[in-house]
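See structure below.
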Amino acid sequence: MHPPPPGPLGDCLRDWEELQQDFHGIQETHRLYRLKLEELTKLQNNCTSSITRQKKQLQELALVLKKCKPSLPSEAERAAQELENQIKERQGLFFDMEAYLPKQNGLYLSLVLGNVNVTLLSKQAKFAYKDEYEKFKLYLTIILILISFTCRFLLNSRVTDAAFNFLLVWYYCTLTIRESILINNGSRIKGWWVFHHYVSTFLSGVMLTWPDGLMYQKFRNQFLSFSMYQSFVQFLQYYYQSGCLYRLRALGERHTMDLTVEGFQSWMWRGLTFLLPFLFFGHFWQLFNALTLFNLARDPECKEWQKFHHQQHGSKKE
(Lines give C-alpha, C1' and ligand atoms only; values in the text may rest on other atoms or scores of the structure.)
Protein backbone atom coordinates (compact mmCIF):
# COMPACT_ATOMS: atom_id res chain seq x y z
CA MET A 1 0.00 0.00 0.00
CA HIS A 2 1.32 3.40 -0.92
CA PRO A 3 2.05 5.77 1.96
CA PRO A 4 -0.59 8.52 2.26
CA PRO A 5 0.36 11.85 0.76
CA PRO A 6 1.20 14.62 3.17
CA GLY A 7 -1.27 17.32 4.09
CA PRO A 8 -5.05 17.25 4.72
CA LEU A 9 -5.67 14.47 2.19
CA GLY A 10 -3.27 12.18 4.03
CA ASP A 11 -5.08 12.85 7.30
CA CYS A 12 -8.40 12.03 5.66
CA LEU A 13 -7.05 8.75 4.27
CA ARG A 14 -5.67 7.71 7.68
CA ASP A 15 -9.02 8.52 9.30
CA TRP A 16 -10.75 6.47 6.63
CA GLU A 17 -8.53 3.44 7.36
CA GLU A 18 -9.39 3.68 11.06
CA LEU A 19 -13.09 3.91 10.19
CA GLN A 20 -12.77 0.86 7.97
CA GLN A 21 -11.31 -1.19 10.81
CA ASP A 22 -14.07 -0.05 13.14
CA PHE A 23 -16.67 -0.85 10.48
CA HIS A 24 -15.49 -4.47 10.19
CA GLY A 25 -15.87 -4.79 13.94
CA ILE A 26 -19.38 -3.32 13.76
CA GLN A 27 -20.34 -5.78 11.02
CA GLU A 28 -19.21 -8.72 13.14
CA THR A 29 -21.04 -7.40 16.21
CA HIS A 30 -24.21 -6.89 14.19
CA ARG A 31 -23.96 -10.43 12.79
CA LEU A 32 -23.72 -11.85 16.30
CA TYR A 33 -26.60 -9.62 17.38
CA ARG A 34 -28.85 -10.99 14.63
CA LEU A 35 -27.96 -14.57 15.57
CA LYS A 36 -28.72 -13.90 19.23
CA LEU A 37 -31.96 -12.16 18.25
CA GLU A 38 -33.08 -15.22 16.30
CA GLU A 39 -32.17 -17.42 19.27
CA LEU A 40 -34.08 -15.07 21.57
CA THR A 41 -37.16 -15.20 19.33
CA LYS A 42 -37.09 -19.01 19.34
CA LEU A 43 -36.73 -19.08 23.14
CA GLN A 44 -39.61 -16.64 23.50
CA ASN A 45 -41.87 -18.76 21.30
CA ASN A 46 -40.91 -21.98 23.10
CA CYS A 47 -41.41 -20.42 26.51
CA THR A 48 -44.77 -18.89 25.55
CA SER A 49 -46.13 -22.16 24.14
CA SER A 50 -44.89 -24.13 27.17
CA ILE A 51 -46.49 -21.70 29.63
CA THR A 52 -49.77 -21.72 27.68
CA ARG A 53 -49.83 -25.51 27.65
CA GLN A 54 -49.11 -25.84 31.37
CA LYS A 55 -51.62 -23.11 32.29
CA LYS A 56 -54.29 -25.06 30.45
CA GLN A 57 -53.30 -28.25 32.28
CA LEU A 58 -53.36 -26.40 35.60
CA GLN A 59 -56.90 -25.19 34.90
CA GLU A 60 -58.01 -28.72 34.13
CA LEU A 61 -56.32 -29.99 37.28
CA ALA A 62 -57.93 -27.26 39.41
CA LEU A 63 -61.35 -28.12 37.95
CA VAL A 64 -60.96 -31.82 38.70
CA LEU A 65 -59.76 -31.03 42.22
CA LYS A 66 -62.75 -28.73 42.81
CA LYS A 67 -65.18 -31.45 41.72
CA CYS A 68 -63.67 -34.20 43.84
CA LYS A 69 -62.94 -32.09 46.92
CA PRO A 70 -66.42 -32.41 48.54
CA SER A 71 -66.22 -36.22 48.44
CA LEU A 72 -62.72 -36.46 49.92
CA PRO A 73 -62.26 -37.92 53.41
CA SER A 74 -61.27 -35.47 56.12
CA GLU A 75 -57.67 -36.68 56.26
CA ALA A 76 -57.24 -35.90 52.54
CA GLU A 77 -58.68 -32.35 52.71
CA ARG A 78 -55.41 -30.92 53.98
CA ALA A 79 -53.48 -32.39 51.04
CA ALA A 80 -56.12 -31.09 48.62
CA GLN A 81 -55.91 -27.60 50.13
CA GLU A 82 -52.13 -27.64 49.88
CA LEU A 83 -52.39 -28.65 46.23
CA GLU A 84 -54.80 -25.77 45.58
CA ASN A 85 -52.36 -23.32 47.15
CA GLN A 86 -49.52 -24.66 45.02
CA ILE A 87 -51.65 -24.27 41.87
CA LYS A 88 -52.42 -20.63 42.76
CA GLU A 89 -48.75 -19.98 43.48
CA ARG A 90 -47.76 -21.50 40.13
CA GLN A 91 -50.28 -19.25 38.34
CA GLY A 92 -48.71 -16.22 40.01
CA LEU A 93 -45.26 -17.32 38.86
CA PHE A 94 -46.54 -17.64 35.30
CA PHE A 95 -47.91 -14.09 35.51
CA ASP A 96 -44.44 -12.80 36.36
CA MET A 97 -42.86 -14.89 33.60
CA GLU A 98 -45.30 -13.63 30.96
CA ALA A 99 -44.41 -10.04 31.83
CA TYR A 100 -41.10 -10.62 30.01
CA LEU A 101 -42.60 -12.36 26.99
CA PRO A 102 -44.24 -10.77 23.92
CA LYS A 103 -48.01 -10.98 24.00
CA GLN A 104 -50.96 -10.01 21.85
CA ASN A 105 -52.23 -6.48 22.38
CA GLY A 106 -55.67 -6.06 23.86
CA LEU A 107 -58.56 -4.69 21.82
CA TYR A 108 -57.90 -1.07 22.80
CA LEU A 109 -54.17 -1.17 22.02
CA SER A 110 -54.85 -3.02 18.77
CA LEU A 111 -57.25 -0.28 17.68
CA VAL A 112 -54.87 2.52 18.66
CA LEU A 113 -51.44 1.10 17.84
CA GLY A 114 -52.15 -1.91 15.64
CA ASN A 115 -50.18 -5.13 16.02
CA VAL A 116 -47.09 -3.50 17.56
CA ASN A 117 -45.10 -5.35 20.22
CA VAL A 118 -45.08 -3.12 23.31
CA THR A 119 -43.48 -5.63 25.68
CA LEU A 120 -40.36 -4.32 27.41
CA LEU A 121 -37.85 -7.12 27.95
CA SER A 122 -35.76 -5.82 30.87
CA LYS A 123 -36.52 -4.73 34.40
CA GLN A 124 -34.71 -1.46 33.84
CA ALA A 125 -36.82 -0.64 30.76
CA LYS A 126 -40.05 -1.58 32.55
CA PHE A 127 -39.28 0.49 35.61
CA ALA A 128 -38.09 3.44 33.49
CA TYR A 129 -41.37 3.42 31.53
CA LYS A 130 -43.44 3.14 34.69
CA ASP A 131 -41.45 5.93 36.36
CA GLU A 132 -41.94 8.13 33.29
CA TYR A 133 -45.69 7.42 33.45
CA GLU A 134 -45.81 8.63 37.06
CA LYS A 135 -43.84 11.78 36.21
CA PHE A 136 -46.12 12.42 33.23
CA LYS A 137 -49.12 12.44 35.56
CA LEU A 138 -47.37 14.76 38.00
CA TYR A 139 -46.27 17.26 35.34
CA LEU A 140 -49.69 17.34 33.66
CA THR A 141 -51.38 17.81 37.04
CA ILE A 142 -49.26 20.92 37.65
CA ILE A 143 -49.99 22.20 34.14
CA LEU A 144 -53.73 21.64 34.62
CA ILE A 145 -53.66 23.61 37.86
CA LEU A 146 -51.96 26.55 36.16
CA ILE A 147 -54.23 26.56 33.10
CA SER A 148 -57.44 26.18 35.09
CA PHE A 149 -56.31 29.04 37.36
CA THR A 150 -55.62 31.19 34.28
CA CYS A 151 -59.01 30.42 32.74
CA ARG A 152 -60.81 31.03 36.03
CA PHE A 153 -59.25 34.30 37.17
CA LEU A 154 -57.33 35.85 34.25
CA LEU A 155 -59.02 34.93 30.97
CA ASN A 156 -62.71 34.51 30.22
CA SER A 157 -62.63 33.18 26.69
CA ARG A 158 -64.29 30.14 25.14
CA VAL A 159 -61.09 29.61 23.12
CA THR A 160 -58.88 29.18 26.22
CA ASP A 161 -61.60 27.07 27.84
CA ALA A 162 -61.64 24.83 24.78
CA ALA A 163 -57.83 24.53 24.92
CA PHE A 164 -58.07 23.50 28.58
CA ASN A 165 -60.77 20.90 27.87
CA PHE A 166 -58.85 19.61 24.85
CA LEU A 167 -55.83 19.15 27.11
CA LEU A 168 -58.01 17.11 29.47
CA VAL A 169 -59.19 14.90 26.59
CA TRP A 170 -55.62 14.36 25.38
CA TYR A 171 -54.37 13.72 28.93
CA TYR A 172 -56.91 11.01 29.70
CA CYS A 173 -56.56 9.41 26.25
CA THR A 174 -52.80 9.26 26.77
CA LEU A 175 -53.25 7.76 30.23
CA THR A 176 -55.44 4.95 28.88
CA ILE A 177 -52.80 4.07 26.26
CA ARG A 178 -49.91 4.17 28.73
CA GLU A 179 -51.82 2.11 31.29
CA SER A 180 -52.68 -0.51 28.68
CA ILE A 181 -48.96 -0.77 27.83
CA LEU A 182 -48.14 -1.10 31.53
CA ILE A 183 -50.71 -3.90 31.88
CA ASN A 184 -49.04 -5.67 28.94
CA ASN A 185 -45.77 -5.43 30.86
CA GLY A 186 -47.07 -7.00 34.06
CA SER A 187 -48.41 -4.03 36.00
CA ARG A 188 -51.31 -4.99 38.26
CA ILE A 189 -53.53 -2.01 37.49
CA LYS A 190 -57.06 -2.29 38.81
CA GLY A 191 -59.83 -2.35 36.23
CA TRP A 192 -61.76 0.50 37.85
CA TRP A 193 -58.66 2.73 37.61
CA VAL A 194 -58.46 2.32 33.84
CA PHE A 195 -62.25 2.47 33.37
CA HIS A 196 -62.60 5.81 35.11
CA HIS A 197 -60.03 7.26 32.70
CA TYR A 198 -62.17 6.12 29.76
CA VAL A 199 -65.16 7.82 31.39
CA SER A 200 -63.10 10.95 32.11
CA THR A 201 -62.08 11.11 28.44
CA PHE A 202 -65.72 11.07 27.37
CA LEU A 203 -66.80 13.66 29.94
CA SER A 204 -63.94 15.98 29.01
CA GLY A 205 -65.12 15.68 25.41
CA VAL A 206 -68.59 16.72 26.55
CA MET A 207 -67.16 19.88 28.12
CA LEU A 208 -65.09 20.54 25.00
CA THR A 209 -68.17 20.46 22.74
CA TRP A 210 -70.48 22.41 25.06
CA PRO A 211 -71.29 25.58 23.08
CA ASP A 212 -70.84 28.96 24.69
CA GLY A 213 -74.07 30.35 26.05
CA LEU A 214 -75.98 31.26 29.18
CA MET A 215 -75.96 27.75 30.66
CA TYR A 216 -72.26 27.27 29.96
CA GLN A 217 -71.39 30.58 31.61
CA LYS A 218 -73.47 29.68 34.66
CA PHE A 219 -71.47 26.47 35.15
CA ARG A 220 -68.10 27.62 33.85
CA ASN A 221 -66.60 29.17 37.00
CA GLN A 222 -67.81 26.32 39.19
CA PHE A 223 -66.26 23.74 36.85
CA LEU A 224 -62.93 25.57 36.59
CA SER A 225 -62.76 26.00 40.37
CA PHE A 226 -63.48 22.30 40.80
CA SER A 227 -60.82 21.46 38.20
CA MET A 228 -58.25 23.46 40.17
CA TYR A 229 -59.21 21.72 43.38
CA GLN A 230 -59.28 18.29 41.72
CA SER A 231 -55.77 18.76 40.31
CA PHE A 232 -54.54 19.96 43.69
CA VAL A 233 -55.92 16.84 45.40
CA GLN A 234 -54.33 14.65 42.72
CA PHE A 235 -51.05 16.42 43.42
CA LEU A 236 -51.36 15.52 47.13
CA GLN A 237 -52.36 11.96 46.25
CA TYR A 238 -49.31 11.51 44.07
CA TYR A 239 -46.88 12.35 46.87
CA TYR A 240 -48.77 10.35 49.48
CA GLN A 241 -49.13 7.25 47.30
CA SER A 242 -45.64 7.41 45.80
CA GLY A 243 -44.23 7.63 49.34
CA CYS A 244 -46.24 4.58 50.37
CA LEU A 245 -45.15 2.68 47.28
CA TYR A 246 -41.50 3.56 47.83
CA ARG A 247 -41.69 2.19 51.38
CA LEU A 248 -43.44 -0.99 50.22
CA ARG A 249 -40.81 -1.55 47.55
CA ALA A 250 -38.08 -1.01 50.13
CA LEU A 251 -39.74 -3.63 52.31
CA GLY A 252 -40.02 -5.98 49.33
CA GLU A 253 -43.79 -6.20 49.69
CA ARG A 254 -44.90 -4.92 46.30
CA HIS A 255 -44.19 -5.59 42.65
CA THR A 256 -41.83 -3.12 40.96
CA MET A 257 -44.42 -2.41 38.26
CA ASP A 258 -47.23 -1.57 40.71
CA LEU A 259 -48.70 1.90 40.34
CA THR A 260 -49.33 4.55 42.99
CA VAL A 261 -52.88 3.28 43.55
CA GLU A 262 -52.13 -0.23 44.76
CA GLY A 263 -51.39 -1.74 48.12
CA PHE A 264 -52.47 -0.70 51.61
CA GLN A 265 -50.97 -1.27 55.03
CA SER A 266 -52.05 -0.18 58.50
CA TRP A 267 -49.18 2.33 58.81
CA MET A 268 -50.54 4.17 55.76
CA TRP A 269 -53.36 5.65 57.85
CA ARG A 270 -50.84 8.06 59.34
CA GLY A 271 -50.56 9.98 56.08
CA LEU A 272 -54.04 9.19 54.82
CA THR A 273 -55.75 10.96 57.73
CA PHE A 274 -54.30 14.20 56.33
CA LEU A 275 -55.58 13.42 52.83
CA LEU A 276 -59.07 12.12 53.68
CA PRO A 277 -60.71 15.53 54.38
CA PHE A 278 -59.59 16.78 50.95
CA LEU A 279 -60.96 13.63 49.29
CA PHE A 280 -64.32 13.79 51.05
CA PHE A 281 -64.68 17.49 50.28
CA GLY A 282 -63.94 16.74 46.63
CA HIS A 283 -66.66 14.08 46.51
CA PHE A 284 -69.19 16.44 48.07
CA TRP A 285 -68.19 19.06 45.49
CA GLN A 286 -68.90 16.51 42.76
CA LEU A 287 -72.36 16.03 44.24
CA PHE A 288 -72.83 19.80 44.20
CA ASN A 289 -71.77 19.83 40.53
CA ALA A 290 -74.36 17.17 39.75
CA LEU A 291 -77.12 19.13 41.50
CA THR A 292 -76.08 22.31 39.68
CA LEU A 293 -76.20 20.57 36.31
CA PHE A 294 -79.56 19.02 37.16
CA ASN A 295 -80.99 22.45 37.95
CA LEU A 296 -79.49 23.90 34.77
CA ALA A 297 -81.06 21.10 32.74
CA ARG A 298 -84.47 22.08 34.15
CA ASP A 299 -83.94 25.74 33.38
CA PRO A 300 -86.47 26.95 30.76
CA GLU A 301 -83.65 28.67 28.87
CA CYS A 302 -81.59 25.47 28.64
CA LYS A 303 -81.14 24.37 25.02
CA GLU A 304 -77.81 22.46 25.13
CA TRP A 305 -77.67 18.66 25.37
CA GLN A 306 -74.40 18.40 27.33
CA LYS A 307 -75.85 19.02 30.77
CA PHE A 308 -77.78 15.77 30.69
CA HIS A 309 -74.50 13.83 30.46
CA HIS A 310 -71.81 15.91 32.11
CA GLN A 311 -70.14 14.93 35.37
CA GLN A 312 -66.81 15.89 36.90
CA HIS A 313 -63.65 15.36 34.83
CA GLY A 314 -61.91 12.43 36.53
CA SER A 315 -62.58 11.51 40.13
CA LYS A 316 -59.68 9.42 41.54
CA LYS A 317 -60.97 7.49 44.47
CA GLU A 318 -58.76 5.93 47.04
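The values are calculated or read from the model by the stated rules, or taken from the named source; none is laboratory data. All figures in this text were calculated on a predicted structure; none of them were measured in a lab. Positions of Cβ are backbone-derived with ideal geometry, glycine not excepted, and every protein chain shown enters the neighbour counts. For the accessible areas, the whole protein counts, side chains as well, though only heavy atoms, and no ligand, DNA or RNA atoms are used. Shrake-Rupley method; radii C 1.70, N 1.55, O 1.52, S 1.80 Å.
Odds and ends about this structure:
- Scanning region 164-190 for residues that are in contact with a His (Cβ under 6 Å, 6 or more places away or on another chain) and within 16 Å of Ala128 (Cβ to Cβ) yields a count of 0.
Yes/no matrix, rows are residues, columns are (1) part of a helix (DSSP H, G or I); (2) under 32 Å from the mean Cα position of the chain (by Cα); (3) on the phi < 0 side of the Ramachandran plot; (4) of a type in the set (Lys, Arg):
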residue	(1), (2), (3), (4)
Lys42	yes, yes, yes, yes
Ser49	yes, yes, yes, no
Gln54	yes, yes, yes, no
Pro70	yes, no, yes, no
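- Tally of residues being among the charged types (D, E, K, R) and more than 18 Å from Gln237 (Cα to Cα) across region 99-148: 3
- Residue match in region 242-255 (condition: open to solvent by 20 Å² or more (accessible area, probe 1.4 Å), at pLDDT 70 or above, closer than 28 Å to Phe149 by Cα and touching an Asp or Glu at 6+ places or on another chain (Cβ under 7 Å)): yes
- Residue pairs meeting the criteria (Cβ under 6 Å; at least 6 apart or on separate chains; first under 12 Å from Cys173 (Cβ atoms) and touching a residue at least 60 places away in the same chain (Cβ under 8 Å), in region 190-207; second hydrophobic (A, V, I, L, M, F, W, C) and open to solvent by less than 10 Å² (accessible area, probe 1.4 Å)): His197/Leu175; Ser204/Leu168
- A single entry from Leu236, Leu296 fulfils the requirement of being in contact with a Cys (Cβ under 8 Å, 6 or more places away or on another chain), surrounded by 12 or more Cβ atoms within 10 Å (Cβ to Cβ) and either among the acidic types (Asp, Glu) or modelled with pLDDT of 70 or more (or both): Leu296.
- Residue list for region 299-311, restricted to those being within 32 Å of the chain's Cα centre (by Cα) and either open to solvent by less than 30 Å² (accessible area, probe 1.4 Å) or at pLDDT 85 or above (or both): Gln306, Lys307, His310
- When region 71-113 is limited to residues that are among the small types (Gly, Ala, Ser) and over 29 Å from Glu179 (Cβ atoms), the one that is least open to solvent (accessible area, probe 1.4 Å) turns out to be Ala80.
- For region 119-169, taking the residues that are over 30 Å from Lys218 (Cβ atoms) and assigned to a loop (DSSP other than H, G, I, E, B), the one that is most open to solvent (accessible area, probe 1.4 Å) is identified as Leu121.
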